[in-house]
Each structure stands twice: as C-alpha cells, then as structure tokens.
Amino acid sequence: MTTSVRKAVIPAAGLGTRFLPSTKATPKEMLTLVDKPAIQYVVEEAVAAGITDILIVTGRTKRTIEDHFDRAPELEEALARTGKEDLLRVVVELAELAEFHFVRQGEALGLGHAVGTARAHVGDEPFAVLLPDDLMHPTSTLLKDLIAAYEQTGSSVVALKRFGPKEISLYGVADVDGTPDGNLTRLKGMVEKPAAEDAPSDLAIMGRYLFTTDIFDFIDRVERGRGGELQLTDAMAKLAAGPGMFGWIFEHGRYDIGSKPDFLRAFVEFALDRGDVGPDFGRWLGAVVRERHL
C-alpha cells in the first residue's frame, strides 16, 4: 500500500503505574495479549496503513521495546538449529516490519513534549501519531481513514469518538465548527477534560492523529501546565484555531488498554479471533460464564 504518509511516531515513555506491579520491571507497552506485546499490534496497524518508518519515543526503562523490534542472532541461530522454521520466520519478519528508530524522552514532560522530540526525524513530512494505550482491532480502518482525510483536506486530522456525559470528562473534547460532513468535521478548538456540563460536544479525542509539521511550532508555543508538562491538546487547540484542523468520527474497534477492564476485553476478543487458540478458548470461556451465571 502506497500513501503520502510514510512516518509514524509512537510515544512509549510512560511509567504505566496503573498496571503495577507488572510494570515495575516490564514496560506497559510490552504486556502481552495472547503472544504479542501490545505495542506490536500498534506497529502492525501502522504498517497495514502503509507506514514504512516508525519512531518510538522511549524512556530509561524501555530497552526491551528496542530489543523486541531488533534482530536476535542467538535466538535465530537456535531456532534454525532445532528446525523451528515457522518461529524463525516470525522472529525475523518482526524486525523487518518497518524501518525502526528510537529516541529517548529524557524528562517526563508530557505528551506534547514527547511528540516534539520527533521533530528532527520527521523533517518536513506529514506523520501519524499512535498512542499505544489505544489499541485498535486489526479489522479497524481508522488510521487509513485519517490518512485519506489528510490527503483530502491537506490538514491535520484527529480521531474522534462519541461518549455520554458520564465519560466525556475523562477526555480531551473537540469543539466542532458546524455539522459534520459524514465522518469528517472541522474543528475550531478543544478542551482538556472539561466537566460534562462544560463540554463543547460529545466528541472525545482518541489516540490516533495525523499531523502536518505545523504541530511542532504550536508545541513550542504551549505554556507548561501542571507538573511542568506540555499538553498536546493545548498545541492542537492552537493549530485548530490557526491553520485549521479536522476530526474523523469513528465508532468501533478501540480498546483503552491503559485500563484493566479494557485490557482484559481486548485479550479475550483477540484470543477468540485466533484460529489456533480461539475455538478451545471460546468453549472454555463459555463454560465458565454458564457455570458462574454471568
């Protein structure tokens, strides 16, 4: 697949405190769903949308992420020697999914700062940002849709999803300009985690973005907030009010695996989709549900 967008940035420097103690020594992005770490699903999503160059923003404790996407000569030799050709192919193809690059976010200064560290690598090209806490089902076309919307408008585009009053205050919320044209809507601003009664719409900002390089200039203009952090939402609000920005409304396929219930839901659904484990796992799960009258 050939697109006008070939680069993606995956911010992966967070501490993952909601999953302690598992994340004390293991990056939250490396927690597995069946037999793949969560971040691999995100990388595969990017590759499926035509991305060929991926920059992962890491921190001091995230070396295993780099190792996961690197070649492993000793492991490959052992697999070849023991005739495990299928596993050997899986391991080699993993390192060849895309051209991988890594940069460290030296200080925890917020998502805006993390995206800003990609400036030198991105250069003057449009690029996608994929937050690894937002996992998309492999059948989702969301990233492809964002790229298509960028190609249509020439502007930055963010993924939006509708939420009710009880949930909307958990997210950055889009202030839309007029009535959406199908899935596409023009933005005039956004508000970070407003009270439900103050939310400008029911459209929350999700962790998939398609940016022009204008975003870097607006990150530079953002004032640091609580904890000295630079909020990406603040930079996007300035971008929407300036050169302009669009939102793409979607409905299905997203899991917030930063939360334990959604992580478990994703694990179950991804396992059920697998031909090698799904049938047996599904029968067992059905029996458990019936036994416990859930």
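This table checks each residue for (1) within 12 Å of Ala12 (Cα to Cα); (2) of a type outside the set (Lys, Arg); (3) touching a residue at least 40 places away in the same chain (Cβ under 8 Å).
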residue	(1), (2), (3)
Gly50	no, yes, yes
Leu55	yes, yes, yes
Ile65	yes, yes, yes
Pro73	no, yes, no
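Can you confirm whether segment 88-95 contains a residue that is closer than 18 Å to Gln40 by Cβ and in contact (Cβ under 8 Å) with a residue 40 or more places away in the chain?
Going residue by residue through segment 88-95, those that are closer than 18 Å to Gln40 by Cβ are 88-95.
This time we only want the ones that are in contact (Cβ under 8 Å) with a residue 40 or more places away in the chain, so: 94.
Within segment 88-95 (the criterion being closer than 18 Å to Gln40 by Cβ and in contact (Cβ under 8 Å) with a residue 40 or more places away in the chain), the answer is yes, since at least one residue qualifies.
So if I check each of Thr61, Thr23, Thr52, which one is under 29 Å from Gln152 (Cβ atoms) and of a type in the set (Ser, Thr, Tyr)? Give the steps one after another, and end with the answer.
Details: Thr61 fails: under 29 Å from Gln152 (Cβ atoms); Thr23 fails: under 29 Å from Gln152 (Cβ atoms).
One residue alone meets the criteria, Thr52.
Scan segment 206-228 and give yes if some residue there is touching a helix residue (DSSP H, G or I) at 6+ places or on another chain (Cβ under 8 Å), closer than 18 Å to Ser169 by Cα and acidic (Asp, Glu), otherwise no.
No, segment 206-228 has no match at all.
Cβ-Cβ under 6 Å, sequence separation 6+ or interchain: first residue in segment 245-260 and without any contact (Cβ under 8 Å) to a residue 24 or more places away in the chain, partner of a type in the set (S, T, N, Q) and surrounded by 20 or more Cβ atoms within 10 Å (Cβ to Cβ). Which pairs?
Pairs that qualify, where the first residue is without any contact (Cβ under 8 Å) to a residue 24 or more places away in the chain and the partner is of a type in the set (S, T, N, Q) and surrounded by 20 or more Cβ atoms within 10 Å (Cβ to Cβ): there are none.
Considering only residues that are under 22 Å from Thr23 (Cα atoms) and aliphatic (A, V, I, L, M), look in segment 227-268 and name the one that is surrounded by the most Cβ atoms within 10 Å (Cβ to Cβ).
Top of the filtered list is Ile257.
Go through segment 142-223 and tell me which helices (runs of 4 or more DSSP H), entirely inside it, have 3 or more residues that are touching a strand residue (DSSP E or B) at 6+ places or on another chain (Cβ under 6 Å) and surrounded by fewer than 17 Cβ atoms within 10 Å (Cβ to Cβ).
On the way: elements: 142-153, 165-168, 214-221.
No helices (runs of 4 or more DSSP H) qualify here.
Using the structure shown, decide if Ala271 is among the small types (Gly, Ala, Ser), surrounded by 14 or more Cβ atoms within 10 Å (Cβ to Cβ) and modelled with pLDDT of 95 or more.
yes
The values are calculated or read from the model by the stated rules, or taken from the named source; none is laboratory data. Note that this is a predicted model, so its numbers are computed, not measured. Here the Cβ is made from the backbone with ideal geometry for all residues, glycine too, and neighbour counts use every protein chain on show.
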